[in-house]
Amino acid sequence: MPDFETIYLTYSPQIFRVCMGYVNDHEQAKDLTQETFVSVWRNLSGFRNESKISTWIFRIATNNCLRAIEINKRTVKVELPVNLPALQEESDEEKLAFLYRAIGELEEMERIIISLVLEDLPQVEIADIVGLSAVNTRVKIHRIKEKLAKKFRSNGQFE
Amino acid sequence: MNDIKAIWQTARADNLPSAAEMLRIVKQFRNKKLRNKTWSIVVAGVGIIVSIITVSLTPNLMLSTKAGAACVIAACIVLANTNIRSIKRFIDLKDCSNREFISFLEQTRRNQLHYHQKTQVAGMVLSFTGMLLYLYEFVHKSLALSLVFYTLAIGWILFMWFYQRPRSFKKQSKKLNETIEKFEKIADQIK
């Protein structure tokens, strides 16, 4: 069993990106990441390797994100620009901001699933985190990718 | 998709606390939480014990006063118990998927909608009865005092029961129903 410090260093950037994909708010994503590791630290001694440690941590993080609904900390939804001509030299920050906005337009579970896909988690693990069958997860991932690609294409990117 | 993944990976996570800072944060968090919990338990416990001792040791107290104090203590226990049970549900929750978690939250809030308000009513009835009984010993010898204090007490009870309670229940129900609705919407997304 790795110690807390190793776990934190290994997973915190991934957890932060997943939270950021869900909330599209830097400070809130940072808070959610911290809350996740507070839970990890508190429950680490009780973790019995029944699932992979990464599955366990991603479950805590995504459940925290879902619970954020209760405290009305909602994603700031920004409408995507329609028919905006593609920028010739878009910076990395602008591309990333566009990606977050595109993800922010998806439904809650779609946001979680695509964030896990973008973190390169295997589909079986994503199914385990979300609680869907492997087949259902595959279908959903396919649909979400299509939606996301459509948003990028309609903005003139990646053609 | 690989292009999107490449963009996703450019997110900077370097302003997260270092591992040492995070350890400090989690320890502080635990201490703060424990301190708050311990203090509230100590304060509630001392309050109840002092009331019981005062009432049982004070000589020649009328039965109505003792019954009044018992009602107020029972009200505190009812309300504390509801909150402790609600917290315990979350503590007992083991590692679970998003789907299980959403259904747990939905059920918890539904329970809250049904039972929380019932226990609040029980708590209010007990504390109002306790207050009326407790007052009796101090005012029963003077008709004027009885009239003034009981008019004030009953007026306050009527205000709390017919104005404050429905208002706060309506507000609570609205908030809980909105939350349940959001969870239902998310649960539909994981079907």
Next on the checklist: At 15 angstrom or more along the helix axis (alpha-carbon based) and mean Kyte-Doolittle of -1.0 or higher, what helices does chain A contain? Whole DSSP H runs only.
Outcome noted: A:4-23, A:53-67, A:92-104, A:108-118, A:134-154
Item to check | Approximate spin-label separation B:ALA122-B:THR58, in nm, with each point projected 7 Å along Cα-to-Cβ | outcome: 2.7 nm
Checklist entry - What GluC sites (Glu not before Pro) in segment B:145-191 are in a loop by DSSP, with at most 11 other Cβ atoms within 10 Å of the Cβ? => result none
Checklist outcome for this item: Only helices counted: for chain A, with every DSSP H run of 4 or more residues adding -39500 (n - 2.57) and the sum spread over all residues, [θ] at 222 nm is -22000 deg cm²/dmol
Item to check | chymotrypsin sites (Phe, Trp or Tyr not before Pro) within segment B:30-105: DSSP coil, no more than 14 neighbouring Cβ in 10 Å | outcome: none
Checklist outcome for this item: If exposed means trypsin sites (Lys or Arg not before Pro) lying in a DSSP loop and surrounded by at most 16 other beta carbons within 10 Å, then the longest stretch of chain A lacking such sites spans residues A:78-159
Next on the checklist: Within segment B:60-85, list the residues whose amide N lies under 12 Å from a label point set 7 Å along Cα→Cβ of B:ALA187.
Outcome noted: none
Checklist outcome for this item: Looks like chain A, by Cα gyration tensor root eigenvalues a ≥ b ≥ c and the a/c under 1.5 rounded cutoff (else prolate when a/b is bigger than b/c, oblate otherwise), is prolate
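Treat segment B:1-131 as a sphere of radius equal to its Kirkwood radius over Cα pairs and apply Stokes-Einstein at 37 °C in a medium of 0.692 mPa s; give the translational diffusion coefficient in µm²/s, rounded to a whole number.
In µm²/s, the coefficient is 168.
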Checklist outcome for this item: Restricting to Cα pairs under 8 Å and 6 or more apart, the percent relative contact order of chain B works out to 27 percent
Next on the checklist: Need one number: nm distance between label points at B:PHE169 and B:THR38, each 7 Å from Cα along Cα→Cβ, rounded to one decimal.
Outcome noted: 4.0 nm
Next on the checklist: Helix check for chain B. Which DSSP H runs span at least 15 Å along their own axis by Cα, with a mean Kyte-Doolittle hydropathy no less than -1.0?
Outcome noted: B:19-57, B:63-92, B:117-139, B:143-159
Checklist entry - Structure shown: which of A:LYS30/B:LYS185; A:LYS147/B:LYS185; A:LYS95/B:LYS94; A:LYS30/A:LYS52; A:LYS147/B:LYS27 lie over 31 Å apart, alpha-carbon to alpha-carbon? => result A:LYS95/B:LYS94; A:LYS147/B:LYS27
Item to check | Restricting segment B:25-103 to trypsin sites (Lys or Arg not before Pro) in coil, as DSSP defines it, with at most 15 other Cβ within 10 Å | outcome: B:LYS94
Checklist entry - Between B:HIS140 and A:LYS52, what is the FRET efficiency for a Förster distance of 56 Å, r being their Cβ-Cβ separation, to the nearest 0.05? => result 0.20
Checklist entry - Rounded, prolate or oblate: which one fits segment B:62-191, using the alpha carbon gyration tensor with axes a ≥ b ≥ c (rounded when a/c is under 1.5, else prolate when a/b beats b/c, else oblate)? => result oblate
Checklist outcome for this item: For chain A, averaging the sequence separation of alpha carbon pairs under 8 Å that lie six or more residues apart and dividing by its residue count, the contact order in percent is 27 percent
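Values in this text are rule-based calculations from the coordinates and carry no lab data. Please read these numbers as outputs of a predicted model, since none were measured by experiment. Neighbour counts run over all protein chains shown; Cβ positions are idealised from the backbone, glycine included.
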